[in-house]
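> Take a look at this one; I'll ask things after.
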Amino acid sequence: MSGTLRFEILGPQRAWYAEREIDLGPGKQRAVLAVLLLSAGRPVSTGQIVEAVWPEDPPANGPNVVQKYVAGLRRVLEPDRSPRTPGQVLGLTDAGYLLRVDPDVLDAVRFERGIHRARQRRAEGRAAEALTELATALALWQGEPFTGFTGPVFEAARQRLVELRAVALETRAELTLDLGRHREMVGELVELVAEFPVRERLRHQLMLALYRSGRQAEALAAYREFGDLLREEYGIEPGEALQELHRRILRSDPTLTAAAKPSNEPEPPRPVATQPVEPVMPIAASQRPSGVGYPPSLLSTPLHTPPPSAATKRARRQTPRWVSRTVTVLGTALVLLSFGCLTWLVILAYAFWRRSWRLALAGVGYLVLVTVEVNVLDVENADEVSDNQALAFVGLAAVTWLVGAVHVVLLSRGLWAAITGSLVSGRDRADDERRIRREHARYLLYHYPAARAELRLGRPDLPGTFDDGGLIDINAVPEQVLTGLPGLTPEQGRQIVVDRWLRGPYTSMEELAARCLLPPNATEPLRDLLIFLPSAVLPDEAQTPGS
């Protein structure tokens, strides 16, 4: 029955039954259908439907209202069904309402699967086929999804699909430029920049297409226009990649107009950063299973290391501890022994050392206070000093003397940096090491699929000696692992397990978010942890309950 149905949500919501368009009824009934389509093949409780359709003002008799709209949908989705016959397309289970349709009857699913196939073709070096897949997927887009529907559920789904389309458009433009078809892309990129004005990747591609088309002045003008927009609206400058392209266009870098590679030629490997990198820890002998034939070069060759975090860089740039402590003692002693009269000099020295105009202003402020302090006291006529003058002098002296001494101690950072610096750098280095290990494990999975079973990659629930940096195989781990992941609630973890069992494994983060209605704040912390592998049974799983 569901094979004769077809749904569109990438634009105005529409549906067809046996190639005849269906009148889906009033707006709330359409919204209920949209919620069910987002979870096609998975039960949706009445509470979830009420929360999605009426986020701010739910009806007092919500279940009855939902039941009324479901009955209306059954009439239009199954026009040949007799009134007393249970629904075959839209049924009711113990867990909620279930829309039984093939995923491919929904244009959004075909859209995402087409983009996924395009990524695979591109990774295989088949740029022309990737372009064809992208064109087919993007042709399904008829407008902004869920127009007229409000609430966080629809907003999250809308933003995810819009972002997916934007990335697909950027990827198509990049592939087209790689094939040397820059002139035909200029007009389309101008339209895309107008639609997505702050996406730097599109600006980069527009500047490159203009320059390769012999329009250097227009490429530079496009950069100036984007820079003005960012400064006026957000107070920021263009990113480093765009600035570098601007510099290369200014000096007419000949490599920018290099001939595009043939469409059947695989993409060259991306250059590794020239900065020194720490080697990835090779697989220790105790961690190597006997059944895996890893070449010796892989076991000792370092992989690309992720750039260190900002906190790690700051920790590496810190002044040696003995220098910081010596400066602290000397600066504080000078302030205390001079009774604050030389605080301004110490602060100005720090300003010069750190190239800080704020510290320079503070030093000038201390100098002004000392000058006022001397004028108030008027040491040449000490016998005529009034009580008010003495009180003012004591207050100013406290600022320049005691407060100044504390200021110097804090500026030197010798006391607290010695305590916190090692903690911060240690924590960030541990994070960097875990990222390296995750990259190493992904490399093994890509080049040596047998490593998945032998090393139990992504399976913290199974015994193993190899450290994969905390990777999680979303299609294999049991519920207790999922409920402990950052950003996921126990209910969402159980939902993933049930959906995985009913509809099969996940292939991407986007598919996981779409099938389980996960908001962005739940998926973002997981992007660096999850891996999406085909279903497989590992040797220990038969003896592991709950797998």
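The values are calculated or read from the model by the stated rules, or taken from the named source; none is laboratory data. Remember, it's a predicted structure, so these values are computed and weren't measured experimentally. Don't worry about glycine lacking a Cβ; one is built from the backbone with ideal geometry, like all the others, and counts go over all protein chains shown. The accessibility values were calculated without ligands, DNA or RNA, using every heavy atom of the protein model including side chains. Shrake-Rupley method; radii C 1.70, N 1.55, O 1.52, S 1.80 Å.
> If only one of Arg6, Arg84, Arg42 is among the charged types (D, E, K, R) and surrounded by fewer than 17 Cβ atoms within 10 Å (Cβ to Cβ), which one is it? Show your work before the answer.
Details: Arg6 fails: surrounded by fewer than 17 Cβ atoms within 10 Å (Cβ to Cβ); Arg42 fails: surrounded by fewer than 17 Cβ atoms within 10 Å (Cβ to Cβ).
Answer to the selection: Arg84.
> Also, quick follow-up: Is it true that some residue in region 350-359 is modelled with pLDDT of 75 or more and open to solvent by 40 Å² or more (accessible area, probe 1.4 Å)? First the steps, then the outcome.
Let us first name the residues in region 350-359 that are modelled with pLDDT of 75 or more, namely 350-351, 358-359.
Pick out the ones that are also open to solvent by 40 Å² or more (accessible area, probe 1.4 Å) and you get 358.
Within region 350-359, one or more residues are modelled with pLDDT of 75 or more and open to solvent by 40 Å² or more (accessible area, probe 1.4 Å).
> Could you please tell me which pairs satisfy a Cβ distance under 7 Å, a separation of 6+ or placement on different chains, a first residue in region 54-69 that is outside any helix (DSSP H, G or I), and a second residue that is of a type outside the set (S, T, N, Q)?
Pro55/Gly151; Pro55/Pro152; Pro58/Val50; Pro59/Val65
> Could you count how many residues in region 445-466 are among the basic types (Lys, Arg) and modelled with pLDDT of 80 or more?
Taking region 445-466 and keeping what is among the basic types (Lys, Arg), we get 452, 456, 459.
In the following step, the residues that additionally are modelled with pLDDT of 80 or more were identified as 456, 459.
Selection size over region 445-466: 2.
> Is region 12-19 home to any residue that is at pLDDT below 90 and open to solvent by 50 Å² or more (accessible area, probe 1.4 Å)?
Checked against the condition, which is being at pLDDT below 90 and open to solvent by 50 Å² or more (accessible area, probe 1.4 Å), region 12-19 yields at least one hit.
> Here's another thing I want to ask about it. So which pairs qualify, if the first residue must be in region 92-115 and closer than 21 Å to Thr4 by Cα, the second must be acidic (Asp, Glu) and part of a loop (DSSP other than H, G, I, E, B), the Cβ gap must be under 7 Å, and the two must be at least 6 apart or on different chains?
Cβ pairs passing all conditions: none.
> Among the residues of region 88-141, count how many are charged (D, E, K, R), closer than 30 Å to Gln67 by Cβ and surrounded by 15 or more Cβ atoms within 10 Å (Cβ to Cβ). Give the steps one after another, and end with the answer.
Here is the first cut: in region 88-141, the ones charged (D, E, K, R) are 94, 100, 102, 104, 107, 110, 112-113, 117, 119, 121-122, 124, 126, 129, 133.
From what's left, closer than 30 Å to Gln67 by Cβ: 94, 100, 102, 104, 107.
Going one step further and asking which of them are surrounded by 15 or more Cβ atoms within 10 Å (Cβ to Cβ), we end up with 107.
The total comes to 1.
> Just to be sure I understand, how many residues within region 329-362 are small (Gly, Ala, Ser), in a helix (DSSP H, G or I) and more than 45 Å from the chain's Cα centre (by Cα)?
Of the residues in that region, 1 qualify.
> Quick check: anything in region 142-149 within 20 Å of the chain's Cα centre (by Cα) and surrounded by fewer than 16 Cβ atoms within 10 Å (Cβ to Cβ)?
No, region 142-149 contains no residue that is within 20 Å of the chain's Cα centre (by Cα) and surrounded by fewer than 16 Cβ atoms within 10 Å (Cβ to Cβ).
> Criterion first (of a type in the set (A, V, I, L, M), surrounded by fewer than 20 Cβ atoms within 10 Å (Cβ to Cβ) and over 21 Å from the mean Cα position of the chain (by Cα)) does Val477 satisfy it?
When the stated conditions are applied, Val477 does not pass them.
> Quick one: Ala194 ticks every box in (1) in contact with a Gly (Cβ under 7 Å, 6 or more places away or on another chain); (2) open to solvent by 50 Å² or more (accessible area, probe 1.4 Å); (3) modelled with pLDDT of 90 or more bar one, so which box is it?
Failing condition for Ala194: (1).
> Regarding region 225-234, can at least one residue be identified that is assigned to a loop (DSSP other than H, G, I, E, B), surrounded by fewer than 16 Cβ atoms within 10 Å (Cβ to Cβ) and touching a helix residue (DSSP H, G or I) at 6+ places or on another chain (Cβ under 7 Å)?
No; the residues of region 225-234 include none that is assigned to a loop (DSSP other than H, G, I, E, B), surrounded by fewer than 16 Cβ atoms within 10 Å (Cβ to Cβ) and touching a helix residue (DSSP H, G or I) at 6+ places or on another chain (Cβ under 7 Å).
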